Amino acid sequence: MNMSELERLVNVMRRLRAPDGCPWDREQTHESLKKCLVGEAAEYLDAVDHKSDAEMCEELGDLLMQVVMNSIMAEERGAFTLEDVARGISDKMIRRHPHVFGDVHVDNSAQVLVNWEKIKKTEHDDYRKSALDGVPHNLPAVLRAEKLQKKAAKHGFDWTNDADILAKVREEMAELEDAYRTGDRDRIDDEAADLVFAVVNFLRFRGENCEAVVNRASDKFDRRYRAVEAKLAAEGKEVDGTPMERLDELWNEAKAEENGKCPRPVTEHGTE
């Protein structure tokens with residue numbers, strides 16, 4: 001990296017945070033930027049999926065800006081600096097790669113990972129007391145549930161078969177229905193969350209990538225909703241103002257077309 005460009009970015013961010021800088025940037029805190037950081041990381045992952053070098057470069061820039069911004073805010077508090085951040089990660093990488101920077105021998109990446117975990121454990125033994133420590137609270141909810149379950153499973157706290165988990169899913173569904181009948185919003189929320197957690201457990205036990213599976217459902221919704229929009233646009237209409245009954249019809253059409261079950265339209269000359 002051309003260090004002058006990194007220094008330029010630091011200077012730009014410091015100027016934005018200055019007393020006569022940008023009001024919005026000056027108002028930001030570590031807490032207010034949390035959602036921004038998550039959003040920028042997600043946009044970078046989308047760029048990777050798009051296989052777009054230009055997008056990846058831009059989104060990495062946005063992520064770097066978040067690192068610099070948070071570091072400058074910490075520096076203003078006298079907590080740490082960007083140099084401290086860079087030094088810390090450099091030291092960590094050297095420490096966790098003794099097969100590169102030391103005299104440890106490895107034959108493959110599997111051995112690298114084993115050594116990595118051993119070294120990581122010694123670094124965190126002083127403050128990690130539970131087997132569940134180290135799972136970030138701010139992970140996406142489904143991913144956090146999956147990681148917590150996997151951590152517990154490593155220590156034998158797990159189901160023995162997926163049929164029992166499916167029975168648990170049915171049990172949680174019954175409890176949700178019971179809570180719904182009471183009208184107690186807090187209880188409904190609790191039972192709905194338990195149901196989601198049980199479904200994640202079912203998928204996790206079967207070896208599925210829970211985030212990927214749930215994202216497939218989101219992708220399906222995305223495709224079908226866009227299809228409904230397109231159908232309405234062809235009629236000169238929009239979703240807003242269209243009766244739900246009609247929207248449901250169009251949704252079912254989109255679903256049937258996606259599944260290859262929708263008959264092709266017939267004209268006076270036969271099937272198109």
Exercise. Assess whether Glu258 counts as being modelled with pLDDT under 95 and in contact with a strand residue (DSSP E or B) (Cβ under 8 Å, 6 or more places away or on another chain).
Key: no
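So that you can scan it fast, the table gives a plain yes or no per residue for (1) touching a strand residue (DSSP E or B) at 6+ places or on another chain (Cβ under 8 Å); (2) closer than 26 Å to Val214 by Cβ; (3) surrounded by 13 or more Cβ atoms within 10 Å (Cβ to Cβ):
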residue: Lys92; (1), (2), (3): no, no, yes
residue: Arg95; (1), (2), (3): no, no, yes
residue: Lys121; (1), (2), (3): no, no, no
residue: Ala131; (1), (2), (3): no, yes, yes
Quiz item: Taking region 137-162 on its own, how many of its residues are among the charged types (D, E, K, R) and either touching a Lys or Arg at 6+ places or on another chain (Cβ under 6 Å) or crowded, with 16+ Cβ neighbours inside 10 Å (or both)?
Solution: 4
Quiz item: Does Asp62 qualify as being without any contact (Cβ under 8 Å) to a residue 12 or more places away in the chain and not hydroxyl-bearing (Ser, Thr, Tyr)?
Solution: no
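For the structure I just gave you, tell me whether Ala227 is surrounded by 15 or more Cβ atoms within 10 Å (Cβ to Cβ), free of Cβ contacts under 8 Å to residues at least 60 places away in the same chain and part of a helix (DSSP H, G or I).
Yes.
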Practice problem: Take region 44-71 and flag every residue that is surrounded by 15 or more Cβ atoms within 10 Å (Cβ to Cβ) and either modelled with pLDDT under 95 or more than 24 Å from Gly88 (Cα to Cα) (or both). | Solution: Ala47, Glu55, Met56
Quiz item: Of the numbered conditions (1) closer than 24 Å to Ser218 by Cα; (2) surrounded by 10 or more Cβ atoms within 10 Å (Cβ to Cβ); (3) without any contact (Cβ under 8 Å) to a residue 40 or more places away in the chain, Ile165 satisfies every one except a single condition; which is it?
Solution: (3)
Practice problem: Just give me the residues in region 168-196 being hydrophobic (A, V, I, L, M, F, W, C) and either surrounded by 14 or more Cβ atoms within 10 Å (Cβ to Cβ) or not in a helix (DSSP H, G or I) (or both), in sequence order. | Solution: Val169, Met173, Leu176, Ala179, Ile188, Ala192, Ala193, Leu195, Val196
Quiz prompt | Qualifying residues in region 108-155 (those that are β-branched (Val, Ile, Thr) and in a helix (DSSP H, G or I)) - the one farthest from Pro98 (Cα to Cα) | solution = Val142
Exercise. Return the residue satisfying two criteria in turn: it lies in region 24-38 and is exposed (fewer than 12 other Cβ atoms within 10 Å of the Cβ) and in a helix (DSSP H, G or I), and of such residues it is modelled with the lowest pLDDT.
Key: Lys35
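The values are calculated or read from the model by the stated rules, or taken from the named source; none is laboratory data. If you're wondering where the values come from, they're calculated on a predicted model, not measured in any experiment. All Cβ positions, even for glycine, are placed from backbone atoms using ideal geometry, and neighbour counts span all protein chains on display.
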